[in-house]
Every structure is written in structure tokens, then in C-alpha cells.
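The values are calculated or read from the model by the stated rules, or taken from the named source; none is laboratory data. Everything numeric here is computed off the predicted structure, so don't read it as measured data. Cβ coordinates were reconstructed from backbone atoms using ideal geometry, including for glycine residues, and neighbour counts include every protein chain displayed.
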Amino acid sequence: MKKTLLLILLLVSGNLLLAQQTFPVNGSYDIRPQLYAFTNATIVVNSGQTIANGTLLVKGRQIEGVGKGLNIPKGYLTIDLKGKYIYPSLVDAFSSYGTTDASREAGGFGGRQSIFVSTKKGPYNWNEAIRPETEVRALFSVDTKKADELRRAGFGSVNAINRDGIARGTSAAVALTDEADNRVFIKDRTAANYSFSKGSSKNDYPTSLMGAIALLRQTYYDAKWYGNQNEEYNISLAEFNKQQDLPQLFETDGWANTLRADKIAKEFGKRYLIKSGGDEYQRIAEVKATGASLIIPIAFPKAYDVEDPAEARNITLAQMKAWEMAPGNPAALEKAGVPFAITAFGLENVREFWANLRTAIDNGLSEQQALKSITENPATFLGIADQVGSLGKGKLANFIVTSGPLFKKDNIIFENWVQGKKFQVNKIDVTDLKGVYNLTVDGVAAANLRITGSGGGSAATVERTGTDSLKTTASLSRNGDWVAISFNSKKSPTGSVRLSGYVVSANPLTMKGESALPDGSTGRWTATFREALKADAQKEEPKAALAQGKLVYPFGVFGYEEAPKQETVLIKNATVWTNEKDGILQNADILLANGKIKAVGKGLSAGGATVIDATGKHVTAGIIDEHSHIAGSGGINEGAQSSSAEVRIADIINSEDVNIYRQLAGGVTTSHILHGSANPIGGQSQLIKLRWGKAPEALKFAGSDGFIKFALGENVKQSNFGTGARFPVTRMGVEQTYVDGFTRAKEYEKAMKIKGNNVRRDLELDALVEILNNKRFITCHSYVQSEINMLINVADSLGFKINTFTHILEGYKVADKMKAHGIAGSTFSDWWAYKYEVAEAIPYNGKIMHNVGVTTAFNSDDAEMARRLNQEAGKAVLYGGVPEEDALKFVTLNPARMLHIDDQVGSLKAGKDADVVIWSEHPLSIYAKAEKTFVDGVPYWDITRDAEVQKTQQAERARLIRKMLESKTKGARTQRPAADAPRLYNCETLEDYAAELDHATAHQH
Amino acid sequence: MKRSIITTYMLSLVLTASGLQAFAQANISPAKKQDRTIAITGATIHVGNGTVVQNGTIVFSNGKIVSVTPNGQAPQDASVISASGKHIYPGFIAPVTNLGLTEIEAVKATIDFREIGTYNPHVRSLIAYNTDSKVQPTLRSNGVLMAQVTPQGGVLAGSSSVVQLDAWNWEDAVLRADDAIHLNWPQTPRFRGGFGRFAQQSPEALQEATNKSIDELKAFFAEAKAYAEIAKPEVTNTRFEAMRRLFNGQEKLFVTADSQKDIVAAIRFAKGMGLNPVLVGGDEAYLVANFLKENNVAVVVKQPHSLPANNDDDVNMPYKNAARLANAGLTVVLSIEGYWQQRNLPFMAGTAAAWGMDREKAVSAVTLNTAKILGIDKTAGSLEAGKDATLFVSAGDALDMKTNKVEKAFIQGRDINLDNLHKQLDKKFSDKYSGK
């Protein structure tokens, strides 16, 4: 026994070390010729070329030749593959194979730990998420278990990526053999890798998606600067520069981040290969426009358990539709002409690969494209097409031997050869036993044996007609040509009959052997082939029903199949609140055309316009929310540093946020999306119009001035949460943050102007310089008079202007100073008492500022309140008796003024944008409903259409639920319904979920 | 006589406009006992029970309502207030609020509404209720004159009490001590992801955790009920002593639950315990309106001004919820979360009315219906003879911010001061800028 073990050990180790040039061998060398000739096979060389009856010659690790009628030199071991197929082994361009997997990703955008710079020893980048010095070639090790799983699915090589960090360093292409690490490398540096996830970095920064984007952007500038300086030694930046010649592989989780990555690429003249999320079909036009090549997963969503309507309610229409439509994603990309590879990454188990790929084909992906996407494309994207991805002389002998065409449902992968080494997946020489046999067993009445199932037969039944009629399932086990069958004979004899034997002849197919009867007696048995199985016994499983649903924009609830059109509309006989010197016009008309207001007045004529009779109704300009946090992704606070002027809300606009639609229903047409209030100098804001259904970029308010969020008080001092270890923790420190920032900005600006200076471009200071030059404008979150006074003084002394104080709940105490400095005030109508700095917040604040002459607005900072801003304006009438016309301006014209867009929106005047609301009643009343909300003349909200859409979507949900139930009945795997939690942001939202839990009760602004 | 009273009213208006504001918040004293009969005439009287008396006269004396009549005459000895074209409402009642239990929510030292622990039926809000808070006067001036002061947190949060909002101390303020025990039904998580430690858990694991909480809760109630059968237990358990009041009907059970499954589970549990619960929250109550009707459960709709519970819901669902329930025949009470926020309670009724609730029913949902579920409807909640004269006069529709203008308010006949910190600060700084 011991001897055998030793022998096995020797054999195994011998194999492993085979032809390992620099490695010593324990024992005698066993170097074999490795010359193979595969003949008579259908050889698919690549997606465009197939050789019938071809020959493939393998010499060592490589292919020696492929073609028809090749001469087989002496010494080649010939393997006859008549009837079988050879394909190139699959290439996976995106894999964590052989690297320490990214379970560490749990870190994500976590809580703040007060770790401000890198904890990594050595001259590396300040931020741990920038780690281009990481090289997979240096940390890779063969994982025999995973290699086996991947090979079984047909893969021969993968691009191994260390999925950790924003700049992740280089990946390596490796072959999936179980040889020593030194033997598997195909290419040691395939690509430089990136993502928006900070991974295992311990640094607080970035805490948000926009912070991650800003960090990457800054790194490009840092690297550029690094190349021309000699003050600092920085391995990370040096490596970053070195890697720019490689393919740039960016991992995202879906189309939205894919578009974001592409924006960065364009900004820096790069071309990214993007591993996307599999949802590209939802915005295919935008994805195509990036021009990027993609790597896409085929981990399609599982159906949900929808038997319980109460639970099914928790699944969104978007989730349901994604279940139906995601399998069509590869086809959609093919149709759009986007070059793409398919990865097994993301599958719960790589065994699902083929089932899912076939589902994709059922949903319209061509087999040719499918093959290309799993062989040539990934190889080409990574620059290893000269070695893998197709068959040809000099390429690696990576190929699979299959029973039939690769994409046929019952195709079997027999062998997967990797670097000239055979790995058996399924036994190749198995006789196909499927069919009906005459079964004779000694001591048992004759019967029929029917063998069915996968492979060469895996299930059996025994049947007999007549007086001793019988129909019973038999157990069938096989090991090659050895067969064991047992069944319950029920009577004559009663009990189980056991047969053991083997295939004795191929034509006619005959099995023979020993039998054992219930009474213990033994004898002989024979089964002789009589006929093939009838077609109906082999019927194909029904194909998964194809998507019947339509794409809607945005993808999910309240989406449009067809975008509503810009209309020429004449609204007649309304009470028109012009916000102009005409004041409120009774029985007046307003004409909208080409996205603009064409005329306001009485007795306007229609022309070809759609006429809306608005008798008894009111018409106002669209509501403008000066302070909003909707429509963002991945957090609106980058709070890890006291200044985050470099981050941009523009980078993270989320066009799919249902709050856009909800707010249109409240008459909102323009929202100023602000950074949060976690730090004194926050991030750059983005003005959007609520063009529901459009892609993120199309939401942006064109040509508007840039703004930036500043903040004062308890939030930036971190008074009410967290550890408060970040500077500043007092109002004294807040002042010095500004003094320091703007002083540095001035010096920076000066240094930049000196010719020949290699000044490091600093995106944070760039923003401050813009402020100093009146090219970017401040809206500052503020509460108490002391700090407001302070910032006015700091601004005066350092030579910048404050555009708006937002929240400004003690504005009434310093209204005269604001007026003198021309600073606007955007406040809450009536919030107070929730924290100490609002102890003297009063609902008369708006009135007093207004009366003193400050441009005054009411804002929301809240996705719910934003849809009732007209009512909030009504409170200016309640508290202090602001004239109604002026009160309405608090949420229309005045915010437009403070955002410098009053020449385009905010009032009803010919030439301005057709951002118009029709209200059922007086707009400041609680009884008023927005019936129609136009943005650029497009009726994005229509209360009547909304009712219809709800009905349609109810029907669509019902259809999808039926379909899910059917698919579950047919055996599809399902998941328990759980909706994704809605992310609502206000000023104080830190992407610190744990802290959020603790503070969930304190809804604070 | 009449003339002199009208003069007094005029004078008080003048005072309200200027003189009184000279006093600081500390000097906004509780009003003196009603010492003469008052008649308010010519008003639209919203009775609170769903009816309206046009051109009505309300007469009250010794703190109690004597009569409410259309075109009524004021008694000879009454002080008469003409309220022609104005509206009179019963004082609005804010249910389920932490009013008076906190002053500055972010300052821990001012938080007295959340006790530590899971089962605290024995903690009582009443004794922590701060009558000297700066908040109450800001509510009174919008018509909110009573409140159910309610503890929060844990599974059993404690016992609430009902108070009126013009008092020297909590003993003065109390209308009904220990009216209800508040149960937070363990929630079935509806979402995955996004919330700290829960983010990593499967829906199954989350459900399991909830089930465990429910099992514990059931055991607590079962033991408490058994305990309540013994008049003098060998060992006294103060928690169970508090629960005794639930089982013998002295206190009601208010149950907070939002999703349809939780609502059904919570109500069935309470019914099974022999209790008649009031449902609080009820985001999805409209989905189980029939069930609630069958079980005769009143619903406190927690926050009409909120976002839809689910991403795909009708965008206006929270506005419509109350109306749906009322139209299904349920007793509906409106509320709003928080304490200072209670000054917006009238507008919750306005919203319900805007979205399909009969306007007078909406008034009931902040007056008589509330009084009923708090057990004070014999003395409060509607303007009917014999009840407390707790009411206010608004120049316009009090449910609409555009027209809510509270000019007079009475609590148990006492003519209360409508000044507040905010009005004082308004005056202080308006004067600054106008150079006064």
C-alpha cells in the first residue's frame, strides 16, 4: 500500500515538473514528445472558418498545423475524431482566477475611520486605492480547483485580475493548466486595470462615487506632473505612467458607470476596454456612442418567488423587466454593432455558463457572434490573439473536443486541451446506448428495455404488455461499456431483478451478462437493440419564452416607450402667474412652441397648436429647487477631507431616479443638485432639468454657470455624528479652512502663470481659483449669524464672492449684511428645533429677508418636500403675510435669479424656456395639484397619462408574474423577492450606512 | 356690555400685534380660568363630527360649551366676539408625538422619549412632559391645542398620556393619564442592501431575525396576560403590572406597522390577545382596508407627507392613503411625525382633503376621531354642548396654509396667549430693520 502511494506521488510530481527548464527533477526526467494528430474532425478554426474532415497537429504546447488532408509526420499519435468537433478553448477576459479574490470589497465606501493617508509602507501613492504597482504576475498562483471548474466549461485561458482598488495595476493572461506557476503565463502584463471601487483601501477618501472619480482624474494629472519632476519618488505614479501603453481595462457594474468611465477616458484621451454589468440594453444608444469595447457578464437575474402578492409587491417593475430582458443583452449589443466579449465572471457557478449562453442565443444572439465573444474578441482585446482564441500554427494548443456543434443544447465537451495537455471533461468513447431493446432474463418473462437520457444513456424503463404487463423505472449505472441495471419486476418473479454486464457487440447493439433474481438464483441476460427511440421521447425542452415586454426609458416604472414630444400648445383661459411686471393675468392664454414660450396674453390664436382649456386653473412657471439631492448615485457627500472642491455632482447624475418623476408631479422643472454638507468646502454642484426618460447627460441644464457647495456649522464640525477627528471641529477651525484654502489657491494660480513651471495640476485648487475669478459660484449651507458673518468677512478679505446662503435659517438676523453684499438667501419655510443651531430658526425668516431686499427662495433638501414646494411658498403667506405673487417667486423666479438662469426660466415671458405648470387650483394652496408639467415644452408629467400608465404597468407586472410562475413550474431557479433599498439623500447623508442606522431617527438637515 | 367686550377683543388684537411681543417667551403664561360666558358669533363652525354650522354661534361658560346654534343669539351676559366670515374648529389633536419629550432632537441631553431596552410598557411619558418647552406655543398658533405625548423605541415603547397645550406643569396639562401602550411591531424587512450590517444578509436571514423578535414578543404578552389573572403575584413585576392595564381595558394598545403583512400579523396578534388595537403608521393600510374594516380597527395615518413606500407605487399614494381608508368606512386619524412638526398637522388634513377625503371628515381626522381613539371624546374633539370649550377661530380655512390664520384660541374656555418665540424673534428683527 505504501509503495502504491509513493508511486502515485512520484507520478504526480513528475507530471507537474514536466519540461520545467529551471526546476530540478526528483528522479529521472520524463520528457515526452507530445506529438498528436487529431484527424477527421470538424475543426472550427475561428468564428468565420470551419474545416470539415480536418486535421489538427499538436507539437508540445503549440499547434503545429491545422487544415484539410495534412500530412501526418511520423511519431505523431493519431486520434481519430470522426463525427466530433474541435473548437478553440474559450478565453475569459475578466477573471479573478489565481488572485486573492475581492471579498475584501466589502470595504466599499465604508465609514470614516480618520485614516487620511496611505498606511502602506514604502514610497507609494498617498491614497491606497491608487495601487497600480500591484502586478498579478507577482501575486498569482495556480488554483487547481478553479482551473478544473473553468476547463469543464471549456475555458483554456483567462485574464487574471486583482480586483482591488481604483487603479489596480496589471493583470496577466494565464493558461488553465495545473502546472507550476511559471508554466502558465501567456502574457505577464495584459492590461492596466481600473474601477470606481476603492476596495481594501483603509483610507477614508473617497467615501463616494464622485470622490472615486475625482481621485482617478487627479491621478492622471499627478502622473503627468510626476513624469516631469524630480522632487518626489513615487512608485505608484511611475507605474501608472508605465502602464499607459497597455490596454486599459475598466470594471464597472452597469451602463451608468460604463458611461461615467467613458467620460474619463475621453477626458484624458484614453480608450477603455470596459467590463460592464450586463444591462447595456437599457441604454444601448449611449453605450454604443462610447465606442468602447465591452466585456459583459451573462449572469442573468433569476426569477422571483411571486406566489405571495404581498411579497411580490416589493419587486420593482425594473427588476421584473430585467429578468425578462437581460438575456437579450448580448443580442442587443450585437445588433448595435458594439464589439464585446462574454465573461463567466459574475455567475454564481461557472456551470451556469452554457445554459445562460444558450439562453442568450435563444434571445437573439447569433452563434457566430457568441463564438467570437468567447474566443477571438477576448483574445484580441487583451493582445493575446496571436496565442489563443483561434486555431492556427504557432498558437497555443488550447482547444476543446466536442460531440457536436458547440451551441447545441445536448453538445458534450469531451476534452479540453490546454497548452498541449489533455484534460478530460467527459469520456469520449462512450457507446450511445439510447434505444429500445428486447430484454431476456433467465427466469423472467421477456420485456422491453428502454434506455434514454443524457450522454450515451442515463435512464431506463422496463415494460411488458400482456397478462404480466409491467411498466417500471429501472436504475441504470454505467462505467464505460460496463452496465448495471436493476428494476422491480413486481410479479413473476416478485421483487427486484438485478443485471450486470457489458456491451458485447456494436451492430446490432447487444449487452450481455449475469442476472440475480429476487430469490437469489442467478442466470444470464441479454438485451438486443430493436429500434431507436421515437422522436417524441426525445423532445426538446421548450425554449425559454422570449421577452415580450418593451424597453422603456428610464428602464422601469413610469418609463416612456416613446419619449413625449415637444408640443405646440396653447393653454387658454387660465389665471396666469407671469412673475413679470404684468403680474397675475386673469383669463389669459399662453402659447408654447419649439420648447419656448412664444406668447403670453389674452385672446391668443391657436394656429396648429394643441389647445388646452384651462378655465378655472392656474398656470405658473416651473418650480425651481435651489437645494436638492435627488438624481445622484453613490453618495452626495465626499466628507473625508475638509475640502472636496474637486468632486463633481456632474459625474454622478442618475437619470433613473424615480424622484425625478415624483417631483415633476409636484411641478418641479429644474433642480440644483448639491453636494452635501459634510465639509466646509464641498463639491461642485449640477443644475438639471427634470427631463424624465433622458440619459444622464441630457438632464443637464445647458450653459449654466458652475456652482459649488460650501457648508458651515454643526455638520462640518461633525457635531452630531461620527468621531469628529477630522479637522475642523469648531467654527474657529471652519474659518481657517477657508483662509488656508483660498490662500493656497492664490499662490497656486500665481505659480501656474509662470512659464515653464511644472506645477502639479490640483483639481481642488482649480475650483477655488474659479471662485476667485467669478467663474464658479458659492452656495453655502449655513445656520447661525456668527458663522454667516464670518464667511462674509473671509470672502471680503480674500477677494471672493458668496452667491447664496442656503438654509440660512438665521438669515433674518443678518439680512442687512446679505443685502449689502448682494448675497441671496435660500431657506426652509418652517424647519427648526431639530438641532442646536436651528434653535432660533423661525418661519418668518423668508419674509424678513425678502422685506429687507434679499433675493429669497425656499428650498427642499428633501425628496419629499420638493414635491410640495408650492405649499412651502404658501407658508410665506401664512407666516408674515408675504404677498402671494412674491411668495410664488420664492420657488420660481428667485431661485432662478440666484442660479443665474433667470434669463431662461423662472417666469412666463415670450422667449423663455417653456417650463410651465398647469395647476388645478391656486398654486399656493394645499388643494392645488400639478395637472401638467412641461419642461422645454415637453409634457413630462400629465396627471391623466399617469393614471393610464399605472394601469398599463399593472398589466405588465401581471404578465411578468405569470411568466415567472410558469418558468418556476418548469424548474427555473428563483430568488426571494427583495427590493433594493431606495437611496435618499439630504445634506447630511454620509455614505456611512452604519452611522446612518444609528441616526435613522434623527431626520436632520 | 357687548360693546365693552368687542372693545376688549379689539384691544387684545392690538396687543397681539405689538404690545404682547415685548414679553419674552418665558412670559407666555398659561391663561386664566374662564370667568365669564363667551359667545362667538357669525362663524362657519366645523363641529368635528363631520357637520358644519353656517353662520353659527357658539356659547361657552366655565370652560364648557353651552350651545352651538345656527344664527344663534348670544346670551345677555356673554362677552361677544364677532367672527363673521371666519371659521371655528375644535382644537386639533396631535396623536403619537414626542412633543414635550425633547427640545433639540440632536442634543442628547434634551431627549426624553426613548428609554433603553426592548420591553418598556411601564415607562410613562407624562412625567417627562415639559410644559415649558418653546415648542407648544408655536403649535397653538396654528390650531393644535392637544396632544398624545408618546414614548418611542424598543418593541414596547411605554405609555402615552393626553395633554392640553397650555399648562403650568404636567399635572395641569393632563387630560388623560396613561391612555395607551405603544407597540412597535417587528418589521419584516422590505429591502435588501443599503443599511449597514443588514446589507450583507439574505432576505431569509432577515425574515428569521424578525420571526425571532415576534416570538419573543408573543411570549412576553402571553406571560403578561397570565400574570394579569393573578391579583397579587408572589413577585411583583413592574413591566407586567403595566401590562395589566392593557388587559383590563384601562389602556389601549397602539400598534405601529406599515407593510400589509406586518399590519395583518400585528392586528391578528392583538385581537388574539383579546385587545382592540389602534393601528399606527399603515403605509400599506389601503391594501388591507377590508381586513381592517372587518376587525374594526382605527388607523392613525402617520405621515401623509411622505414618499411612496415602494419605488413603483403611485407617486401620490401617501396623500391618498387616508382618503382610501376613510372611504372604505374606517375610522381614520391623521398625524405627523415629530414634535415641532406638529404645527403642520392641519395641513395633513388639508392634504387628505385634496386627495379625496371629504373636507369635514378630514377635520374629524384631527379632532373627533382622534379624541375617540385617545379616549377623551366625552370632553373633547367636537364642538357640542357639554364638552370642553377647546377651540380656535381662524380667519380662513385652517387646513390650507394659504388661509390658516388663528386669531383666537381657547382651551377649556381659557383665552390662550397665541404669542410664541418665533413671533417674538420676528418682531425683534423686523423692528431692527424698520428702525423702530
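Of note:
- Verdict on residue A:478 being of a type in the set (Lys, Arg), at pLDDT below 85 and in a strand (DSSP E or B): yes
- Selection from the range A:576-598 of residues that are surrounded by fewer than 23 Cβ atoms within 10 Å (Cβ to Cβ) and part of a loop (DSSP other than H, G, I, E, B): A:578, A:580, A:581, A:582, A:583, A:594, A:595
- Test for residue A:195: is it within 22 Å of residue A:115 (Cβ to Cβ) and within 18 Å of the chain's Cα centre (by Cα): yes
- Residues in the range B:319-344 that are among the aliphatic types (A, V, I, L, M), away from every other protein chain (no Cβ under 14 Å) and within 11 Å of the chain's Cα centre (by Cα): B:333 only.
- Helices (runs of 4 or more DSSP H) contained in the range B:236-314 and holding at least 1 residues touching a Phe, Trp or Tyr at 6+ places or on another chain (Cβ under 7 Å), within 14 Å of chain A (Cβ to nearest Cβ) and within 23 Å of residue B:98 (Cβ to Cβ): B:260-272
Table: residues versus (1) closer than 17 Å to residue A:243 by Cβ; (2) under 23 Å from the mean Cα position of the chain (by Cα).
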| site | (1), (2) |
| --- | --- |
| A:129 | yes, yes |
| A:144 | no, no |
| A:152 | no, no |
| A:158 | no, yes |
| A:161 | yes, yes |
| A:179 | no, no |
| A:211 | no, yes |
| A:220 | yes, no |
| A:224 | yes, no |
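- Residue that is surrounded by the fewest Cβ atoms within 10 Å (Cβ to Cβ) [pool: residues in the range A:925-972 that are aliphatic (A, V, I, L, M) and within 30 Å of residue A:599 (Cβ to Cβ)]: A:943
- Looking only at the range B:56-85, residues that are surrounded by 15 or more Cβ atoms within 10 Å (Cβ to Cβ) and either in contact (Cβ under 8 Å) with a residue 24 or more places away in the chain or in contact with a Cys (Cβ under 6 Å, 6 or more places away or on another chain) (or both) come to 19 in all.
- Any hit, the range B:390-400, residues being among the acidic types (Asp, Glu), surrounded by 20 or more Cβ atoms within 10 Å (Cβ to Cβ), within 13 Å of another protein chain (Cβ to nearest Cβ) and under 20 Å from residue B:40 (Cα atoms): yes
- Here the range A:300-312 is the region considered, the condition is being within 24 Å of the chain's Cα centre (by Cα) and either part of a loop (DSSP other than H, G, I, E, B) or without any contact (Cβ under 8 Å) to a residue 40 or more places away in the chain (or both), and the residue that is farthest from the other protein chains (Cβ to nearest Cβ) is A:300.
- Count of the range A:771-791 residues, restricted to those that are assigned to a helix (DSSP H, G or I) and surrounded by fewer than 19 Cβ atoms within 10 Å (Cβ to Cβ), is 5.
- Listed conditions (1) in contact (Cβ under 8 Å) with a residue 24 or more places away in the chain; (2) surrounded by fewer than 15 Cβ atoms within 10 Å (Cβ to Cβ); (3) closer than 30 Å to residue A:817 by Cβ are all met by residue A:709, apart from (2).
- Scanning the range A:814-827 for residues that are facing another protein chain (nearest Cβ under 8 Å) and surrounded by fewer than 24 Cβ atoms within 10 Å (Cβ to Cβ) gives a single hit, A:816.
- Taking helices (runs of 4 or more DSSP H) as the structural unit, those lying wholly within the range A:632-743 and holding at least 2 residues that are within 14 Å of another protein chain (Cβ to nearest Cβ) correspond to A:658-664, A:714-717.
- Test: residue B:206 is crowded, with 20+ Cβ neighbours inside 10 Å, in contact with a helix residue (DSSP H, G or I) (Cβ under 9 Å, 6 or more places away or on another chain) and either modelled with pLDDT under 95 or farther than 18 Å from residue B:268 by Cβ (or both): no
- So residue A:848, is it of a type in the set (Val, Ile, Thr) and within 11 Å of another protein chain (Cβ to nearest Cβ): yes
- The set of residues in the range A:859-880 that are touching a Phe, Trp or Tyr at 6+ places or on another chain (Cβ under 6 Å) and either of a type outside the set (Phe, Trp, Tyr) or more than 12 Å from chain B (Cβ to nearest Cβ) (or both) comprises A:872, A:873, A:876, A:880.
- With respect to the conditions (1) touching a Lys or Arg at 6+ places or on another chain (Cβ under 8 Å); (2) farther than 30 Å from residue B:359 by Cβ, residue B:162 lacks only one, and its number is (2).
- Verdict on residue A:730 being free of Cβ contacts under 8 Å to residues at least 40 places away in the same chain and more than 15 Å from residue A:630 (Cα to Cα): yes
- Test set (1) part of a loop (DSSP other than H, G, I, E, B); (2) within 12 Å of another protein chain (Cβ to nearest Cβ); (3) crowded, with 24+ Cβ neighbours inside 10 Å - residue B:381 fails condition number: (2)
- Screening residue A:672 with (1) over 25 Å from residue A:212 (Cα atoms); (2) in contact with an Asp or Glu (Cβ under 9 Å, 6 or more places away or on another chain); (3) at pLDDT 95 or above gives one miss only, at (1).
- Residue within the range A:366-377 that is buried (at least 20 other Cβ atoms within 10 Å of the Cβ), in a loop (DSSP other than H, G, I, E, B), at pLDDT 95 or above and not hydroxyl-bearing (Ser, Thr, Tyr) present: no
- Among residues of the range B:161-172, those that are over 14 Å from the mean Cα position of the chain (by Cα) and either at pLDDT below 95 or buried (at least 24 other Cβ atoms within 10 Å of the Cβ) (or both), counted: 1
- Count - residues of the range A:952-971 that are without any contact (Cβ under 8 Å) to a residue 40 or more places away in the chain and not aliphatic (A, V, I, L, M): 5
- Among the residues examined, residue A:830 does not qualify as surrounded by fewer than 21 Cβ atoms within 10 Å (Cβ to Cβ), acidic (Asp, Glu) and at negative phi.
- So residue A:927, is it within 11 Å of another protein chain (Cβ to nearest Cβ) and at pLDDT 95 or above: yes
- Out of A:678, A:702, one residue alone is crowded, with 20+ Cβ neighbours inside 10 Å, at negative phi and out of contact with any Phe, Trp or Tyr (no Cβ under 8 Å at 6 or more places or on another chain). It is A:678.
- Residue A:853 vs. criteria within 9 Å of another protein chain (Cβ to nearest Cβ), surrounded by fewer than 24 Cβ atoms within 10 Å (Cβ to Cβ) and farther than 18 Å from residue A:671 by Cα: no
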